[in-house]
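The values are calculated or read from the model by the stated rules, or taken from the named source; none is laboratory data. None of the values given here were measured: they were computed from a predicted structure. Cβ atoms come from the backbone with ideal geometry, glycine included; neighbour counts cover every protein chain shown. Just so you know, the surface numbers come from the protein's heavy atoms only, side chains and all, with ligands and any DNA or RNA stripped out. Shrake-Rupley method; radii C 1.70, N 1.55, O 1.52, S 1.80 Å.
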Amino acid sequence: MKLFDYLWDKKFLILLYLTTSLFTGAVIYMGESTSLNESHGLYVLFVSLFLFSIYLTVDFILKRKHFSILKKNSLSEGIDWVNSITSPMSAEQRIYHDLLIKLYKDANEKVVAHNTKSIENLEFMTMWVHEIKTPIAASKLIIENSVNAPSEKVLYSIEDEINKIEDFVQMTLFYLRSDDFAKDYLIHSINLNTIINDCIIREYSSITNKNLSLNMDNLDLEIDTDEKWLGFIIKQILDNAIKYSSINSAIKIYAEQTEKESVLYIEDSGIGIKAEDINRVFDKSFTGNNGRKFYTSTGIGLYLSQKLARKLGYNISVSSEYGNGTKVSIHFPKWSDYFKMQC
């Protein structure tokens, strides 16, 4: 609080003091020509008391009115009553007023963020329930059509649909945990080839059903990462590569190293992505042109993969030519360089 603000807040008290002092001085000045008796002193005392009573009365009326309005507003539901607070009467009240407004804005932002997150979660769960019904229905249909003539191909088909159900369950778990990432990760050195082989095993039935070949090269790299989270990211990208690849085609999985980073590439020769869609593939729930052809597209996989990758300090990029396949790159910076960027 500035000195001027303090003095301005006390202006009426200062005015009262000056008036009383002037009155007392005048009485003393006039009493110099005559002896100052007891009645003069009582006169000064009563006038000073009267003026002080007026000051207290006016100050009480103004503050009672101000606090009555505050109390009435505070009885309203919610916190929007802050917007209707009366103008502050002093510098001190102005400070508290500004604090209330700031708290209101912060609380309002948190409420909006919470409501937005609740809506997003509801939309995700609605999508999830809708999407998971498809592999369940497909599994029942395969079983019904093959009950009298079971074969290895039928088993792979059923396994493929069960894997889709498992993928949706895993995606839900990772989606719900993504905002509390710091509570559930452990960074350690692991061979990239180990993670990729695990993802391939989990996608084996889908690869077999489409008769896809895998060309892998230079994957014997040590990466500092969380195995579970990176495994989920790679599996989502590999799942997309399989989904959009044509039958009997090939998927390339290879890595390159530079002084600043290691890069994992997963490249398919499938349908590709249109130029107008390429910059939006990481947007939540965006499926683009391909989503209209492949109804199993949810627009969540790449969005969640990029979100988790950035939490790990990585970045995912996509390049594609429509009709000639898609290349997805996961960039692993050297940890020393990453920490320098964070600082």
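Gain on full extension, evaluated as 0.36 nm per residue between Leu186 and Leu99 minus their Cα-Cα distance, stands at 27.3 nm. Here each label is just a point 7 Å from Cα along the line to Cβ, and for His331 and Leu62 those points are 6.3 nm apart. Here segment 191-262 has 45 percent of its accessible surface on carbon and sulfur atoms, given a 1.4 Å probe and all protein chains in place.
The slack in the chain from Asn215 to Asn315, taken as 0.36 nm per residue of separation less the alpha-carbon distance, amounts to 33.7 nm. Step through the table entries Lys210/Lys252; Lys235/Lys260; Lys140/Lys164; Lys140/Lys210, compare each Cα-Cα distance with 22 Å, and write down the pairs that go over it. Violating the 22 Å Cα-Cα cut-off are Lys235/Lys260. Estimated from the Cβ-Cβ distance and a Förster radius of 51 angstrom, the FRET efficiency linking Lys260 and Lys72 is about 0.20.
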